[in-house]
Amino acid sequence: MHALGRLEDLPQDYRDELTRLNLVPLWPNLRALLPPGLPSRNTRPVHWPYATLRPLLMRAGELTPMEKAERRVLVLANPGHGLDNMKVSPALYLGMQLLLPKEWAPAHRHTPNAVRMIVEGRGATTTVNGEQCPMERGDLIVTPTGQWHEHGHTGDEPVVWLDVLDLPLMVYGEVSYSEEGQRQTVKPGRGDQAYAAGGIVPTPWFERGREAYPMLRYPWKDTRAALLALAQSQPDLQAVQVTYVNPDTGRDVQNNLGFGALMLRPGQVLKLPARSPAQVFHLIEGVVDAQIADQRFQLAEADTCCAPGYETLTLSNRSATAAAFLFIADEAPLHRKLGVYEVRP
Ligand code: 1HN
């Protein structure tokens, strides 16, 4: 590929005139915008061990009362994007949130889509559009765009969860905003009970699309059981992995980010192909090594790490006797919409 003309090759008076008229020559920038074969990425592999994060989050609980925080969160920021930009990748925001006993995080709604992956503690609930979802370790609770949500806590221990939002995308698109709301009235019934088993749906709602988001909570005990059943029924299956879907449509549960869970059999070493989306891994159970580009992370329970797109990954279960379970978030739905989703064998 031959070199193109540089900005410095142009006479200063010409450059000044272009600038004055809000014009820019394309050719000095063309190769950086369209590098050959592989996009340039600011997303770096990063590991956030829970053992180092947790004490700082608990300290935030002492330093900053809820009234001064609204949401008490330490953001997991990728230095490759600049810490102040508070993103893990172009579309992924990650934060670790703490709610202490008796605290209340008031109702609001916003354009970004959010999910919570519960990390520790019992007794908290998230109410989404009137549906009160218990929060237990490993549960996934979704708060899609525009849905009212608030968090409450009647238990007696700190509750921590990982927030995953498409916030950077919404900020980039200049469509990120929120509204404050009133405390919600809890209505009876829950989606995770109505859709308690795969392949069976509530008859009155069988007319699809009545509710845009019929299931808001995905209990970990069901996901874990599904992974174990899959592994047992298909001993040769390499990637024992499930995707969180909307049970009415069978499509990704949210618009832009994809969510899934992966089981590694005892001692398993799993090579994942390079795919275009950036990904986040959160270890729910077990001990796992993650090899991402030239980095190797030893993940302990509740640790989180991220991987840029277009890199091959190797996940290894360090236990020879126990299975390991990971939560995965990625940008695949967005990439499919953009028509750029790629798997490189
Ligand atoms: C949000 O609404 C929550 O509701 C958590 O718990 C983190 C980060 C950015 C924007 C909105 C929540 C958030 C957020």
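When restricted to residues that are within 18 Å of PRO101 (Cα to Cα), of a type in the set (A, V, I, L, M, F, W, C) and within 11 Å of the ligand (Cβ to nearest atom), region 147-198 contains 2. Scanning region 280-316 for residues that are assigned to a loop (DSSP other than H, G, I, E, B) and either out of contact with any helix residue (DSSP H, G or I) (no Cβ under 8 Å at 6 or more places or on another chain) or within 24 Å of ARG41 (Cα to Cα) (or both) yields GLY286, VAL287, ALA293, ASP294, ASP303, PRO308, GLY309, TYR310, GLU311, THR312.
Pairs linking a residue in region 166-177 that is touching a residue at least 40 places away in the same chain (Cβ under 8 Å) to a residue that is among the charged types (D, E, K, R), with Cβ atoms under 8 Å and 6 or more positions apart or on different chains, are LEU167/LYS87; PRO168/LYS87. For GLY267, the requirement of being outside any helix (DSSP H, G or I) and at positive phi is met. Residues being touching a Leu at 6+ places or on another chain (Cβ under 7 Å) and surrounded by 16 or more Cβ atoms within 10 Å (Cβ to Cβ) are entirely absent from region 221-230. Exactly one residue out of GLY121, GLY130 is buried (at least 17 other Cβ atoms within 10 Å of the Cβ), on the phi > 0 side of the Ramachandran plot and away from the ligand (no atom under 13 Å from the Cβ): that is GLY121. In this entry, ALA91 is excluded by the filter for residues that are within 13 Å of the ligand (Cβ to nearest atom), part of a loop (DSSP other than H, G, I, E, B) and either of a type outside the set (Phe, Trp, Tyr) or touching a strand residue (DSSP E or B) at 6+ places or on another chain (Cβ under 9 Å) (or both). In region 58-79, the residues that are at positive phi reach residues that are hydrophobic (A, V, I, L, M, F, W, C) and not in a helix (DSSP H, G or I) with C-beta atoms within less than 7 angstrom, at least six apart or across chains, in these pairs: GLU70/ALA105. Of the helices (runs of 4 or more DSSP H) lying entirely inside region 144-259, those carrying at least 3 residues that are more than 28 Å from VAL75 (Cβ to Cβ) are 191-194, 220-233.
Considering each residue of region 101-116 in turn, none proves to be away from the ligand (no atom under 16 Å from the Cβ) and free of Cβ contacts under 8 Å to residues at least 40 places away in the same chain.
Once region 1-60 is narrowed to residues that are polar (S, T, N, Q) and part of a loop (DSSP other than H, G, I, E, B), the residue that is nearest to ARG296 (Cα to Cα) is THR43. Just so you know, in region 242-255 the residues that are under 15 Å from PHE327 (Cα atoms) and without any contact (Cβ under 8 Å) to a residue 40 or more places away in the chain include one that is surrounded by the fewest Cβ atoms within 10 Å (Cβ to Cβ), and it is THR243. A search for C-beta distances below 8 Å between a residue of region 286-310 that is modelled with pLDDT of 95 or more and any residue that is assigned to a strand (DSSP E or B) and of a type in the set (Asp, Glu), counting only pairs 6+ apart in sequence or on different chains, returns ARG296/ASP289; PHE297/ASP289; GLN298/ASP289; LEU299/ASP289; GLU301/GLU285; ALA302/GLU120.
The values are calculated or read from the model by the stated rules, or taken from the named source; none is laboratory data. Being a predicted model, the structure only gives us computed values, none of them experimental. Because the Cβ atoms are built from the backbone with ideal geometry, glycine has one as well, and the counts that use them run over all protein chains shown.
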